[in-house]
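Since every read-out is calculated from the coordinates, none of them should be taken as a lab result. Not measured: the values here are computed from a predicted model. Reconstructed Cβ throughout: ideal geometry from the backbone, glycine too, with neighbour counts over all protein chains shown.
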Amino acid sequence: MATIAVLGTLDTKGHEHAFVSERIRARGHDVLLIDVGTGGEPVVAADIPRAEVAAAGGLDLPALMARGDRGECVTAMAKAAPRLLERLVAEGRIQGVIALGGGGGTAIASAAMRPLPIGFPKLLVSTLASGNTAPYVGTSDLAMMPAVVDVQGLNRISRTILARAAGAICGMVEADVTAGDEKPLVVASMFGNTTKCIEAAIPLLEAAGYEVLVFHATGTGGRAMEALIASGLVAGVLDVTTTELADEVVGGVLSAGPERLDAAARHGVPAVVAPGCLDMVNFGERQTVPEKFAGRSFYIHNPQVTLMRTTPDECTALGGLVAEKVNASCGPVSVLIPRRGISVISAAGGAFHNPAADAALFGAIERGLRPGVPCTSLDCEINDPAFARACVEALLANMKMSSTGDSPCQR
């Protein structure tokens, strides 16, 4: 039997949360009902009242409510609720969490759930779940379920949705997660154009005793990888696909934000960095490419993805940015450059083969790196097994250096 937190605004959606609580208890689990409402009085009694939630975040809730600004109250509760849930998880008092919400409830509940550990069961039934959920999910494994109708009253539709949601969170809590052998983790970045490189690298790292987690460099993937690196769970980083920087700098649709490449450097995690797929900027369907890029070199990757070749000037800027980010590392880091092609289509004969742009990129990296950062150029393409092997050897050496304490972060 587990205890599942049922979190919500019990002033406006109390009966709905009580319904879900009943269904959870019917499955044999306990419920901890938490009120994060900031309006009128709750219509059902909470196990943890809103005042206790606010206190966890150091908030003076009565003073906030007296000002009558709903937006301010929701924002404040969205800052307090995560602290309460994190404490409940750390103390082992809850084994899962479910919430129901409209706009305000979704903002509070998603903020509360996102910081919880990956793998911890968390489900949010929301009226916003069928749209852009990225602001609510972030890089977490929060599951969002469309409410279909508004979370306002119990009817034949809402009862069905909420009953299924209660069953879903119970199933998540009850699921048996078989423990692995707890090998140290290496994270790797990959794109379709660098798949063979990572496919060649994985067995080499596994043979050396590591478990490899691969992240698709599509913006969300890069952010998720950065978050995991920052969590302290990662032993090494094989960042051979830094393409998201091109979208950030040039204006594509798959940027991972300006913090991409920062986590390993900031936390001293051993890393290998390569300029994989910095030859391309990503857009959607061809007609979605902004008019300002008319006349550029394009490649239709598939009907939904259009790639644009980076120019020598853009490559110079990107190379300087890569060097700047690598230079910030206080852990062992190496840069490897595949001089014959940084993607499948930038190699000789490929649609994006452009020696001048590649030379600008490589030159900017090499000029920009501070002394002491190893930079190795290889006369091969990025997907050549020899390049994958060189990357793995460099990363293994860097991880060994870190384990012996012989890195700037540890001196």
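Mark the label point 7 Å from the Cα of Asp150 along Cα→Cβ and return the residues of segment 90-123 whose backbone N is within less than 16 Å of it.
Only 101-106 pass the distance filter.
Can you put Met280, Met65 in order, fewest other beta carbons within 10 Å first?
Numbers: Met280 30, Met65 19.
Sorted ascending by nearby Cβ count, the order is Met65, Met280.
Specify whether the C-alpha gyration tensor of segment 260-371 places it in the rounded, prolate or oblate class, a ≥ b ≥ c being the square roots of the eigenvalues: rounded for a/c under 1.5, otherwise prolate if a/b is larger than b/c and oblate if not. Intermediate results must be reported in sequence, preceding the final value.
Working: a/c = 2.20, a/b = 1.80, b/c = 1.23.
Prolate, since a/c reaches 1.5 and a/b exceeds b/c.
For the residues Leu61, Leu245, what sequence is obtained by ranking on other C-beta atoms within 10 Å, fewest first? Walk me through the numbers before you get to the answer.
Values: Leu61 20, Leu245 23.
With the sparsest Cβ surroundings first, the list reads Leu61, Leu245.
Tell me the mean residue ellipticity at 222 nm calculated for the chain from its helices only (DSSP H runs of n ≥ 4, each -39500 (n - 2.57), averaged over every residue, nearest 500).
Values: 13 runs with 161 residues, N = 411.
Roughly -12500 deg cm²/dmol at 222 nm, from the helical runs in the chain.
List Glu199, Glu244 from most exposed to least, where exposure is judged by having the fewest other Cβ atoms within 10 Å.
On the way: Glu199 14, Glu244 29.
Taking fewest neighbouring Cβ atoms as first place, the list is Glu199, Glu244.
Taking a threshold of 28 Å on the Cα-Cα distance, which of the pairs Lys196/Lys292; Lys79/Lys325; Lys325/Lys400; Lys79/Lys400 fall above it? Numbers along the way, then the final one.
Details: Lys196/Lys292 34 Å; Lys79/Lys325 31 Å; Lys325/Lys400 22 Å; Lys79/Lys400 40 Å.
Where the Cα-Cα span goes over 28 Å, the pairs concerned are Lys196/Lys292; Lys79/Lys325; Lys79/Lys400.
For segment 185-403, what class follows from the C-alpha gyration tensor (a ≥ b ≥ c being the square roots of its eigenvalues): rounded when a/c is under 1.5, otherwise prolate if a/b is larger than b/c, else oblate?
On the way: a/c = 1.57, a/b = 1.52, b/c = 1.04.
Cα axes put segment 185-403 in the prolate bin.
Tell me, what is the FRET efficiency for Glu366 and Glu174 to the nearest 0.05, using R0 = 45 angstrom and their Cβ-Cβ distance as r?
Once rounded, the FRET efficiency stands at 0.25.
What does a probe at Lys400 reach in segment 240-283, counting residues whose amide N is under 17 Å from the point 7 Å along Cα→Cβ?
270-272
Contour minus end-to-end for Ala55 and Asp141, with contour as 0.36 nm per residue of separation and end-to-end as the Cα-Cα distance?
28.3 nm
For every other residue with a beta carbon closer than 13 angstrom to the beta carbon of Val250, add +1 if it is Lys or Arg and -1 if Asp or Glu, then tell me the sum. Numbers along the way, then the final one.
Details: positive: Lys292, Arg296, Arg309; negative: Glu244, Asp247, Glu248, Asp279, Asp313, Glu314.
Once positives and negatives cancel, what remains is -3.
In whole angstrom, note down how far apart the Cα centers of segment 188-254 and segment 26-62 are.
Computed from Cα coordinates, the inter-centre distance equals 40 Å.
Going by a ≥ b ≥ c, the root eigenvalues of the Cα gyration tensor, does segment 3-174 fall in the rounded group (a/c under 1.5), the prolate group (a/b larger than b/c) or the oblate group? Write out the running numbers ahead of the final one.
Numbers: a/c = 1.35, a/b = 1.23, b/c = 1.10.
Rounded.
By Kyte-Doolittle mean hydropathy of at least 0.5 and Cα axial length of at least 20 Å, which whole DSSP H helices of the chain are selected?
156-174, 385-403
Using alpha carbons only, how many angstrom separate the centre of segment 77-146 from the centre of segment 322-377?
Going from one Cα centre to the other spans 40 Å.
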